[in-house]
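Here's the structure, in structure tokens; my notes come after.
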Amino acid sequence: MDYSDLRRQAAYMKKSLFDQGYLDEQFYQLEDLQDDVSPNFVEEVVTLFFKDSSRLLSNIEQALEKNSPDFQKLDSLTHQLKGSTSSIGALKVKNECTLLREYCNKENLDGCFRTFQKVKREHAILRQKLEAYFQVMTCNIYLLFCVFCFIFFHIADFWEAYFKSAAFIALFFHDAFLVYLRGLVQNND
């Protein structure tokens, strides 16, 4: 698979996330904040979102499991989750949070349970889809890096004496990038 295939795949994956209603325009605004200084900004923000939202989901589940749940606390936790989902553009999860808050305000425990299950399901699906998307994006970056190294080493061969130390530096960064990718894979497991 070459770079243009990976770019097309990433574009298709992102378009699908929008077409299927998983993401809204806020995700584009988040991407607008990404630049050369922080090329993984969106992935880092989304990773933090999933860490924080997983904690909130756990807290909501604990609140629901009580014999007589505190609907105000449940609503407050759901409000926090809804705010987090809005910040990354997680449309389906946000919509389910809105419905969950309505059931909290009505103190409808059955409605809360059913809707919370939908929130968890949509959250898990979104996580899976975004992780796959970011893996393709990481492959894009790695492929570009490999092309850069290929070109660089051909130039280094030509100018061997001059670029000897630069080639060593490129190998060092290549190895460092591989360690980084292994860490991503282990974190996803």
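None of the figures in this text is laboratory data; all of them are computed from the coordinates on show. These numbers come from a predicted model, not from an experiment. All Cβ positions, even for glycine, are placed from backbone atoms using ideal geometry, and neighbour counts span all protein chains on display.
Quick look at the values:
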| item | result |
| --- | --- |
| Every residue from region 82-95 that is surrounded by fewer than 17 Cβ atoms within 10 Å (Cβ to Cβ) and either of a type outside the set (S, T, N, Q) or touching a Phe, Trp or Tyr at 6+ places or on another chain (Cβ under 6 Å) (or both) | G83 |
| Among the candidates S38, S4, S53, residue that is closer than 30 Å to C104 by Cβ and among the polar types (S, T, N, Q) | S53 |
| Subset of region 18-30 [closer than 30 Å to D110 by Cβ and surrounded by fewer than 17 Cβ atoms within 10 Å (Cβ to Cβ)] | Q20, G21 |
| Some residue of region 48-64 being of a type in the set (F, W, Y) and farther than 30 Å from A10 by Cβ | no |
| Subset of region 102-139 [closer than 16 Å to S76 by Cβ and touching a residue at least 24 places away in the same chain (Cβ under 8 Å)] | C104, N105, E107, C112, F116, V119 |
| Checklist (1) buried (at least 19 other Cβ atoms within 10 Å of the Cβ); (2) touching a helix residue (DSSP H, G or I) at 6+ places or on another chain (Cβ under 7 Å); (3) aliphatic (A, V, I, L, M) applied to L33, failing item | (1) |
| Failed condition for N67, given (1) loosely packed, with under 13 Cβ neighbours inside 10 Å; (2) under 15 Å from the mean Cα position of the chain (by Cα) | (2) |
| The lone exception for T78 - which of (1) in a helix (DSSP H, G or I); (2) more than 19 Å from the chain's Cα centre (by Cα); (3) more than 16 Å from D52 (Cα to Cα) it fails | (3) |
| Contacts under 9 angstrom Cβ, first residue in region 78-101 being touching a residue at least 60 places away in the same chain (Cβ under 8 Å) and on the phi > 0 side of the Ramachandran plot, partner surrounded by 17 or more Cβ atoms within 10 Å (Cβ to Cβ) and assigned to a loop (DSSP other than H, G, I, E, B), 6 or more apart | G89/Y22; G89/D24 |
| 3 or more residues among the polar types (S, T, N, Q): qualifying helices (runs of 4 or more DSSP H) within region 1-75 | 3-19, 41-65 |
| Complete set of residues in region 96-120 that are basic (K, R), surrounded by fewer than 19 Cβ atoms within 10 Å (Cβ to Cβ) and closer than 16 Å to T85 by Cβ | K118, K120 |
| Residue list for region 121-131, filter: surrounded by 15 or more Cβ atoms within 10 Å (Cβ to Cβ) and farther than 15 Å from F27 by Cα | E122, H123 |
| Subset of region 1-33 (residues that are among the polar types (S, T, N, Q) and more than 23 Å from K82 (Cα to Cα)) | S4, Q9 |
| Selection within region 85-102 - in a helix (DSSP H, G or I) and closer than 12 Å to H123 by Cα | T85, L91, K92, V93, K94, N95, E96, C97 |
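Residues are listed down the side, and each one gets a yes or a no for (1) of a type outside the set (S, T, N, Q); (2) in contact (Cβ under 8 Å) with a residue 24 or more places away in the chain; (3) on the phi < 0 side of the Ramachandran plot:
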site: S4; (1), (2), (3): no, no, yes
site: R8; (1), (2), (3): yes, no, yes
site: Q26; (1), (2), (3): no, yes, yes
site: Q34; (1), (2), (3): no, no, yes
